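Asks: Below is one structure. I have some questions about it.
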Amino acid sequence: MPINNETTVTVPAVTAVPEKTYPHLWLTDIHIQASNTTNGIVNLHAAPYNGDTGEVATDGPIEVISSDNLWGAVVEVPEVAIAMQAIFDAVEPLKTWIAANIEEI
């Protein structure tokens, strides 16, 4: 699921490695901290990504998308509200899936 990057990243060619272009972003780290229903932060780290090749630029620049007003974003940005609801809705099915896939020791 590529995310369009405002600035396409091109990594120059290095010995035996051709130049590569990354027009998208890949979320490498998603951190949400919501200590209560009024205070929360969201931090996303995004690496350059090429959705056509599936390659993530592991040595490329990391874009940080961050806010210390998570709940303000939930109220004012419909897509953020949908994403938070999707996370809440996924908790029980995820717990069930984890329990079903625990290997016995």
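The values are calculated or read from the model by the stated rules, or taken from the named source; none is laboratory data. This one's a predicted model, so the numbers in the text were calculated from it and none came from an experiment. Backbone-built Cβ (ideal geometry, glycine too); neighbour counts: all protein chains shown.
Asks: Among 33, 85, which is over 19 Å from residue 11 (Cβ atoms), in the same structural domain as residue 8 (by TED's automatic domain parsing) and at pLDDT 95 or above?
Replies: 33
Asks: Only one residue in 73, 57 is in contact with a strand residue (DSSP E or B) (Cβ under 7 Å, 6 or more places away or on another chain), touching a residue at least 24 places away in the same chain (Cβ under 8 Å), under 16 Å from residue 9 (Cβ atoms) and among the small types (Gly, Ala, Ser). Which one?
Replies: Exactly one residue qualifies, and that residue is 57.
Asks: Within the range 9-50, which residues are without any contact (Cβ under 8 Å) to a residue 24 or more places away in the chain, more than 24 Å from residue 75 (Cβ to Cβ) and in contact with a His (Cβ under 8 Å, 6 or more places away or on another chain)?
Replies: 29
Asks: Quick one: which strands (runs of 3 or more DSSP E) lie wholly within the range 15-105 and hold at least 2 residues that are among the aromatic types (Phe, Trp, Tyr) and under 21 Å from residue 5 (Cα atoms)?
Replies: Answer list for the range 15-105: 20-33.
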